[in-house]
Structures are given as structure tokens and as C-alpha cells.
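The structure appears right after this line, and notes come after that.
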Amino acid sequence: MNPTKVLITGGAGFIGSHIVERCLQQGWETVVVDNLSKGDFDNIPIGARFYHADVRSYEMEAILAKERPDVIVHQAAQTDVQYSINEPMEDASVNILSTVNLLKLAVKYEVRKFVYASSAAIYGMPEAVPINEEHPKHPMSGYGVSKYVPELYIRTYSKLYGMEYAILRYANVYGPRQASDGEGGVVAIFVDRLLRGERLVIYGDGEQTRDFIFVEDIADANIAAIYAEENVIANVGTAYPLSVNELVTSLQDCCGMKSRVEYRTARAGDIKHSVLDNQEAIRMLDWAPKVCLEEGLWKTYRYRLSKITQEHELKSALS
Ligand SMILES: NC(=O)c1ccc[n+]([C@@H]2O[C@H](COP(=O)([O-])OP(=O)(O)OC[C@H]3O[C@@H](n4cnc5c(N)ncnc54)[C@H](O)[C@@H]3O)[C@@H](O)[C@H]2O)c1
């Protein structure tokens, strides 16, 4: 569908802010809802209308009633795996109840399509790689569960009320504006540490592989999902397994800097190899990842360099 107005939750966050940018480029009226628990007001692109609200709150009803978007793109979430293990109630509350609240309001205010940010975490320990969409769902953390349950609600709401949907299961996303904590933040953490001349810590032998996808490719997949004529459930990744050791080498080449690498004992439950099969996204969304690793790392490095430089300048101006 080609909407007039799109509402993006978590639009002040890392991935959400890039989707906002793309929606504005499409000429769509773009509304952002974020409680700024993790996101930053400065991330919200100029041109979007911003509501500072919790997606679980009663305020959402007034926002939906006023804005009447055609599409909701739901990115807001608690994304920290360790936090989900320590604080499962809060994790479930943010990730599951927010979706239920939005779905209920989406039906009431005749939203036509619901686009949801799911995660590779729903699959748990891969039985085979690359992981396709039919792979059993055996999450290994509260986060994996709380990202999967909303998928079931979305499909149920679609059956009950005929709402269109797209469920996109992201691999490890990296790029500008990523915080150096939370899910998949390893690239942001390593770039920061390289720039500060600190050592890079790797758990295990570094031969574990992951599917690192650049954030602009994720934003493009969301736009394609909005346009899609059919309901979609698709992995969004590169389908390319990159080892953590290879990532470090590419990063050091890209930044022209080297840091000492410290190997520590692998953490219990760490997944050895994880890569997503992206054929369904290619077929259903007419999409493919465009940004190669070198370009993505370079853009991430430039962004973090300018952030750190700004912080230094601010500190010295204040001292
Ligand atoms: N980053 C990754 O590698 C990755 C991988 C798989 C899936 N995802 C999913 O993608 C989505 C975006 O992740 P991200 O990496 O951009 O995280 P992020 O933390 O940068 O963005 C999430 C945003 O949601 C906001 N938010 C959190 N709780 C809220 C609430 N209750 N009400 C309103 N706003 C709230 C935060 O302030 C933040 O701006 C999430 O749903 C996440 O589960 C991310």
C-alpha cells in the first residue's frame, strides 16, 4: 500500500530513526512516539511530529484518535537480553503489552497495516544455518520470548479483524546512532573502544559467526514491507556469516587503528553460529541488502568519531 501517514514507535531510537528518515523521503506524513527511555530526541529527523509517550499508556488512544495513521511501524522495545533475564516482568510489559495496546487501538482507529520489528532471538539455538522462517522457535531469554509473543498477537488480530501486517525478523543490526549497549551493539562497542585506544574483549575464540546488517538496509526493508501487497513474515539479514575475528580485522582496517584483543572464556549459552536465510525477504519484498560491510563500518566509524569529538570539545569547553 502507499500510505499517507505512518506512525513509528521507537522513532527516537537507533533503527526507528532511520525508518523515520526513509518515510519522510517517501513524502509520507510521519509521526513518532517514543518515551526516550533509550532513544534520543536529537535522533528524530526534522519533519516528523513527535509525541513523548509510553506505548503502553492511555495517552496512546488520544494520539491514535488525533493522528489516524494508515500504518503503524512498531519498533519501540526493551532490547537488552540480560535485562530481560534479570527483569522479566518489565521486559514482558514493554515488549508484549505495548504491542497488545497498539493492536487494540489500531483496530479501533482503522489502521490498515501493522509492521513489527521482530528478532533472530526468537529462534534460540540454531538447529541448522542459515535459519529460515520455519525454524523452530525456542528462545533462550525473556527477550526472545517477548519478541515472539507479539508475532502471535499480530497474526491473530489479522485473522480476527483483517488487518494487514509485516513481521520482520532482524539479524544483528549495526550503524550510526546505535548505542554501545543492548542487543547486537558489538560493532558500536568495538568502534568506541578502538577510538579510545582501549582493548577489545571477545568471549570465546572469536570464530563464532553472526549476520551483521547495516541499518539503512533494515530501513529499506521496512519501507518495502509497507508497500507490500501481501502479509509478510520474513528474516531480514545479509545471509552472510561473519566471524567476530573477521569483524575486528575489517574494523581495524577501516579505522586505520589497532587495539589489543583480549579473549575471555565463552559465556554459557553463547550461540556459535547464527545467520539468517533472507530468501523470503528478497522474494516477498523485492528487497536485497545493498550496503557492503566496508561501507557500513566506515559510516559507523565516521558517525562515532564525530560523536566522540563533540563530547571532547564539550568537556574542554566546560573545564
Ligand atoms: N539492534 C538490533 O540489532 C536489533 C536486532 C533485532 C531486533 N531489533 C528490534 O528492533 C527494534 C529497534 O531496536 P533498536 O536497536 O533501534 O533499539 P533502541 O533502543 O535504539 O530503540 C528502541 C526505542 O524504543 C523506545 N522505547 C522503549 N520502550 C518504550 C516504551 N515503552 N514506549 C515508547 N518508547 C519506548 C526507546 O526510547 C528507543 O528510542 C526493537 O524492537 C528491537 O527489538 C533490534
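Restricting PHE14, PHE41 to those that are within 11 Å of the ligand (Cβ to nearest atom), of a type outside the set (Gly, Ala, Ser) and crowded, with 23+ Cβ neighbours inside 10 Å reduces the list to PHE14.
Considering the stretch 48-83, and only residues there that are over 19 Å from TYR116 (Cα atoms) and hydroxyl-bearing (Ser, Thr, Tyr), the residue that is farthest from the ligand (Cβ to nearest atom) turns out to be TYR58. The residues on offer are TYR165, TYR153, TYR170, and the sole one that is touching a Phe, Trp or Tyr at 6+ places or on another chain (Cβ under 8 Å) and either touching a residue at least 40 places away in the same chain (Cβ under 8 Å) or away from the ligand (no atom under 15 Å from the Cβ) (or both) is TYR165.
Scanning the stretch 230-257 for residues that are in a loop (DSSP other than H, G, I, E, B), surrounded by fewer than 17 Cβ atoms within 10 Å (Cβ to Cβ) and touching a residue at least 24 places away in the same chain (Cβ under 8 Å) turns up GLU230, MET257.
Here's the yes/no breakdown for (1) on the phi < 0 side of the Ramachandran plot; (2) surrounded by 13 or more Cβ atoms within 10 Å (Cβ to Cβ); (3) part of a loop (DSSP other than H, G, I, E, B):
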| site | (1), (2), (3) |
| --- | --- |
| ARG267 | yes, no, yes |
| ALA281 | yes, yes, no |
| VAL291 | yes, yes, yes |
| GLU294 | yes, no, no |
| LEU297 | yes, yes, no |
| TYR303 | yes, yes, no |
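Residues checked against (1) in a loop (DSSP other than H, G, I, E, B); (2) under 19 Å from ARG177 (Cα atoms); (3) not hydrophobic (A, V, I, L, M, F, W, C):
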residue: ILE15; (1), (2), (3): no, yes, no
residue: ARG22; (1), (2), (3): no, yes, yes
residue: GLY39; (1), (2), (3): yes, yes, yes
residue: PHE50; (1), (2), (3): no, yes, no
residue: SER57; (1), (2), (3): yes, no, yes
residue: PRO69; (1), (2), (3): yes, no, yes
residue: SER84; (1), (2), (3): no, no, yes
residue: MET89; (1), (2), (3): no, no, no
residue: THR99; (1), (2), (3): no, no, yes
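A single entry from VAL111, VAL145 fulfils the requirement of being in contact with a helix residue (DSSP H, G or I) (Cβ under 9 Å, 6 or more places away or on another chain), farther than 30 Å from GLN208 by Cα and among the aliphatic types (A, V, I, L, M): VAL111. Contact annotation: no residue pair with Cβ atoms under 6 Å, 6 or more positions apart or on different chains, pairs a residue in the stretch 80-92 that is among the basic types (Lys, Arg) with a partner that is in a helix (DSSP H, G or I).
Just so you know, all these numbers are worked out from the coordinates, no wet-lab data involved. Remember, predicted model here, so these are calculated numbers, not experimental data. Virtual Cβ from ideal backbone geometry, glycine too; neighbours counted across all protein chains shown.
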